[in-house]
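Take a look at the structure set out below.
Every read-out reported here was derived from the displayed coordinates using simple, explicitly stated rules and does not represent laboratory data. Fair warning: this is a prediction, and the values are worked out from it, not measured in the lab. Counting neighbours? That spans all protein chains shown, and the Cβs are built from the backbone with ideal geometry, glycine included.
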Amino acid sequence: MNGEKTGSGAVVAQLTFILGGARSGKSRFALRLAAASKRRVAFIATATASDQEMAERIRRHRAERPGDWYTFEEPLRLEWAVHQAAKVADVLLLDCLTLWLSNLLQAHEQAEPEMAAISPEREAQVLGEVERLLQAARALRSDQQLIVVSNEVGLGIVPLSPLGRGYRDLLGLVNQRLARAAARAYFLIAGLPLDLKRWRTEGLEAVLDNEQSGL
């Protein structure tokens with residue numbers, strides 16, 4: 001395992017986490033970080049062409065990426081995708097966790113059509129998948145890097161449905177896990193990146209590690 005110990009576990013030296021709202025510039029920032037490495041890059045795409053508008057988005061995103069990058073299209077199995085991409089590339093760019101979680105919940109909903117909200121059991125399964133993703137990141141060589149992109153969806157209006165609110169809350173938990181574990185974390189606002197690790201207040205993270213707080 002790579003990384004120094006913190007109250008919540010090990011910081012993953014190979015992991016960079018990029019968070020932002022819609023059209024915040026997060027994906028472009030991630031692309032530029034990967035390109036700036038001047039190394040072999042693999043792009044792990046979680047989007048699916050569920051409709052014509054989404055298919056056009058996917059086409060545009062493909063056109064933005066350099067032609068010599070590897071591409072792995074995997075909507076669900078992130079741990080597997082990271083292991084496969086690591087065989088051929090030095091920098092792995094996963095975009096994004098937001099669509100991955102949506103894909104995962106849709107798959108669960110198809111298996112359980114009556115699902116109206118996210119159960120504690122389902123939440124635990126999702127967070128287990130996140131931990132396996134972190135384990136895959138820890139298993140990378142020390143000279144490899146995994147860049148993960150996700151959306152901040154908790155700053156807008158409250159979703160109307162219980163399932164929508166559950167999705168928002170669960171993605172917030174997923175983002176917390178990635179941000180705490182990552183050696184580098186950035187928040188994009190209006191195209192400008194903020195270095196979250198630099199701006200954090202030293203010592204206050206210990207408050208979040210207190211599981212007896214009841215929050």
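Before moving on, here are some points about what is shown:
- Taking 7 Å steps out from each Cα toward its Cβ at ALA124 and GLU56 produces label points 4.5 nm apart.
- Cβ-Cβ FRET estimate between ALA117 and THR48, R0 fixed at 30 Å, reported to 0.05: 0.80
- Share of pairwise Cα separations in the chain, more than 33 Å, in percent: 13
- The range 32-145, relative contact order [Cα under 8 Å, separation at least 6], %: 33
- Label-to-label distance, ALA63 versus LYS38, with points set 7 angstrom from Cα along the beta-carbon direction: 3.0 nm.
- Most mobile of GLY156, GLY164, GLY172 in a GNM of the chain (Cα contacts under 10 Å): GLY156
- Most mobile of GLU121, GLU129, GLU74 in a GNM of the chain (Cα contacts under 10 Å): GLU121
- For the range 27-32, backbone phi angles converted through the Karplus equation (6.51, -1.76, 1.60; θ = phi - 60°) give residue-by-residue couplings of 5, 5, 4, 4, 4, 5 Hz, Gly and Pro being listed as x.
- Each Cα pair under 8 Å and six or more residues apart adds its separation to the average, and for the range 5-199 the resulting relative contact order is 38 percent.
- Remark: the GLN176-HIS83 segment gains 31.2 nm on full extension, using 0.36 nm per residue and subtracting the alpha carbon distance.
- Computed magnitude of the charge dipole of the chain (debye, nearest 20; Cβ of K, R +1, Cβ of D, E -1): 980
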